[in-house]
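A quick write-up on the structure given underneath.
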Amino acid sequence: MHVLVDSHVHLDHAAFTADRAQVVARARASGVDMLVVPGVDRDGWPGIRRLCAADRSLYPAYGLHPLFVDRHVPTDVTALAAWLDGGDAVAVGEIGLDFHTPVPDHDVQRQFFKSQLQLARERGLPVIVHARGALEEVILTLRAIGGSRGVVHSFSGSQEQASRLWDLGFCLGIGGPVTYARAQRLRRIVAAMPAGFLLLESDAPDQPDAGIRGRRNEPARVSAIAECVAELRGESLSTLAAATTANARRLFGLDEARR
């Protein structure tokens, strides 16, 4: 069995309420032994903390997601700083920009994104970045703020944008979309990208891979994503698993987090 890491799964989501324990068990049975669980709003942080404290294979991250700025207030950034004092976070996230729809307010998103980048830099934590319809601005913001490290999850940009992110030291989170034959640009990038910047993710319950199209996603499906990525890269599954797991351990400090 190859040890895999799901670098992005919303295990606290209501879609898993009825069978969360079974979902985690299926993940382990498929070799997914470590799962990073990012937060999206202040109300969700306590549940993620409880969930991860009860299971040493789960690692929490806390953040204010750009799609939910209508739930956030400016003092939530101060609350996040205090929450991180709990010492269990492996990252600040999920944070970023989402311009896919005209709302929520883009300027408010920018304010929260920059504030959280600065907070992560001060705390020495990596960031988990959401960038939908806004990848170019995300890259420019990361460069302007400086001192950040982390992952752009569910990467869907160009080769040139990928290269700029690697230059900034950022990983790419690769999940279900890479398994679809129509995702030719993404598949070409993943096939040739430096192994040291590659992370695997489910983004469950969203973004199901081609094998479960239209159904609820689960972290166990990271094994199917790993098989697809290994095939695209012409590598053995064991080689791909070893590289991506080492990347996740290094970025998030997973070995240190459970000492």
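Specify which of the listed residues (Val77, Val73) is β-branched (Val, Ile, Thr), surrounded by 16 or more Cβ atoms within 10 Å (Cβ to Cβ) and closer than 24 Å to Val138 by Cα.
Just a single option satisfies the conditions, and that option is Val77.
The set of residues from the stretch 60-75 being more than 21 Å from the chain's Cα centre (by Cα) and not in a loop (DSSP other than H, G, I, E, B) comprises just one member, Thr75.
Within the stretch 1-22, the set of residues being among the aliphatic types (A, V, I, L, M), surrounded by fewer than 22 Cβ atoms within 10 Å (Cβ to Cβ) and either assigned to a helix (DSSP H, G or I) or under 15 Å from the mean Cα position of the chain (by Cα) (or both) comprises Ala14, Ala15, Ala21.
If you take the residues of the stretch 46-66 that are surrounded by 19 or more Cβ atoms within 10 Å (Cβ to Cβ) and in contact (Cβ under 8 Å) with a residue 60 or more places away in the chain, which of them is farthest from Val222 (Cα to Cα)? Top of the filtered list is Pro66.
So which residues in the stretch 104-138 are buried (at least 20 other Cβ atoms within 10 Å of the Cβ) and assigned to a helix (DSSP H, G or I)? Correct list: Gln109, Phe112, Phe113, Gln116, Leu117, Ala120, Leu135, Val138.
Sub-7 Å Cβ pairs linking a first residue in the stretch 147-162 that is within 17 Å of Glu94 (Cα to Cα) and among the hydrophobic types (A, V, I, L, M, F, W, C) to a second residue that is part of a loop (DSSP other than H, G, I, E, B) and modelled with pLDDT of 95 or more, at least 6 apart or interchain, are Val151/Ser7, ordered by first then second residue. In this structure, does Thr141 turn out to be polar (S, T, N, Q), exposed (fewer than 15 other Cβ atoms within 10 Å of the Cβ), out of contact with any Gly (no Cβ under 6 Å at 6 or more places or on another chain) and free of Cβ contacts under 8 Å to residues at least 60 places away in the same chain? No. Scanning the stretch 31-45 for residues that are assigned to a loop (DSSP other than H, G, I, E, B) and touching a residue at least 60 places away in the same chain (Cβ under 8 Å) yields Gly31, Pro38.
Residues of the stretch 208-226 that are surrounded by fewer than 17 Cβ atoms within 10 Å (Cβ to Cβ) and out of contact with any Phe, Trp or Tyr (no Cβ under 9 Å at 6 or more places or on another chain): Gly211, Ile212, Gly214, Arg215. When restricted to residues that are without any contact (Cβ under 8 Å) to a residue 24 or more places away in the chain and of a type in the set (Ser, Thr, Tyr), the stretch 223-250 contains 2. Evaluating Arg249 against the criteria (1) more than 14 Å from the chain's Cα centre (by Cα); (2) in a helix (DSSP H, G or I); (3) surrounded by fewer than 21 Cβ atoms within 10 Å (Cβ to Cβ) leaves one unmet condition, (1). With respect to Ala257, determine if the residue is at pLDDT below 95 and under 27 Å from His13 (Cβ atoms). It is true that Ala257 is at pLDDT below 95 and under 27 Å from His13 (Cβ atoms).
Residues of the stretch 142-165 that are outside any helix (DSSP H, G or I) and of a type in the set (D, E, K, R): Arg149 alone. The residues of the stretch 46-59 that are of a type in the set (A, V, I, L, M) and assigned to a loop (DSSP other than H, G, I, E, B) amount to a single one, Ala54.
The values are calculated or read from the model by the stated rules, or taken from the named source; none is laboratory data. Remember, predicted model here, so these are calculated numbers, not experimental data. Cβ: placed from backbone, ideal geometry, glycine included. Neighbour counts: every protein chain shown.
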